[in-house]
Amino acid sequence: MLRLEAALASWGRPEFAAELERELEHKGTSVLPLQRAMALGSHVVDGQISVMVKRSEEYRAHLSVCVGVFFKSVIAGCSCADDPTPLNELEEFCELQLDIDKMTAVTTITLLD
């Protein structure tokens, strides 16, 4: 269960977008549905992601935030010594909708692409 407590605490202040981006980037690839979002590779590279807040809205019970996520993937080969497939990292991008509960900070993630 993903909780974005720091982002929720900064809602309504100028630093909200930066705080949300920082919090998601710190949590990394394991908490986001990036495997389903890949367009080029077959495996998500476990590493640094870059998050960009595109828009945000407040509702009675939750915050709805659309973010863009830049991440990397690879096309995995057999890893044999004579495998001709190079292990190049591929640039990927997806958009996610985050619905952050205003009471608990529990966040539901929906893949938009």
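Go ahead and run the numbers for FRET between Ser42 and Thr110, Cβ-Cβ distance against an R0 of 22 Å, rounding to 0.05.
0.45
Using the Karplus equation 6.51 cos²θ - 1.76 cosθ + 1.60 (θ = phi - 60°), what ³J(HN,Hα) coupling, rounded to whole Hz, does each residue of the stretch 61-75 give in order, writing x for Gly and Pro?
Karplus-based 3J(HN,Hα) across the stretch 61-75 equals 10, 8, 9, 10, 10, 9, 10, x, 10, 9, 8, 10, 9, 9, 9 Hz.
Given contacts defined as C-alpha pairs under 8 Å and at least six residues apart, what's the relative contact order of the stretch 2-111, whole-number percent? Walk me through the intermediate numbers first.
Values: 215 pairs, mean separation 30.1, N = 110.
It comes to 27 percent, rounded to a whole number.
Place a point 7 Å from the Cα of Ala76 along the Cα-to-Cβ direction; which residues of the stretch 13-55 have their backbone N under 18 Å from it?
29-48
With the Cα gyration tensor of the chain giving a ≥ b ≥ c as the square roots of its eigenvalues, does the rule (a/c under 1.5 for rounded; else a/b larger than b/c for prolate; else oblate) give rounded, prolate or oblate? Kindly include the intermediate steps, with their values, before the conclusion.
Numbers: a/c = 2.83, a/b = 2.71, b/c = 1.04.
Because a/c hits 1.5 or more and a/b exceeds b/c, the chain counts as prolate.
Taking 0.36 nm per residue of separation and subtracting the Cα-Cα distance, what length does fully extending Ala9 through Glu95 add? Kindly include the intermediate steps, with their values, before the conclusion.
On the way: separation 86, 0.36 × 86 = 30.96 nm, distance 2.30 nm.
Extra length from Ala9 to Glu95 when fully extended: 28.7 nm.
Determine the calculated [θ] at 222 nm for the chain from helices alone, applying -39500 (n - 2.57) to every DSSP H run no shorter than 4 residues and normalising by the residue count; nearest 500 deg cm²/dmol.
The helix-only estimate for the chain comes to -4500 deg cm²/dmol at 222 nm.
Quick note: the coordinates plus some simple rules give every number you see, no bench work behind them. Worth saying up front: this structure is predicted, and the values here are computed from it rather than measured. Neighbour counts are summed over all protein chains in view; Cβ atoms, including those assigned to glycine, are modelled from backbone coordinates with ideal geometry.
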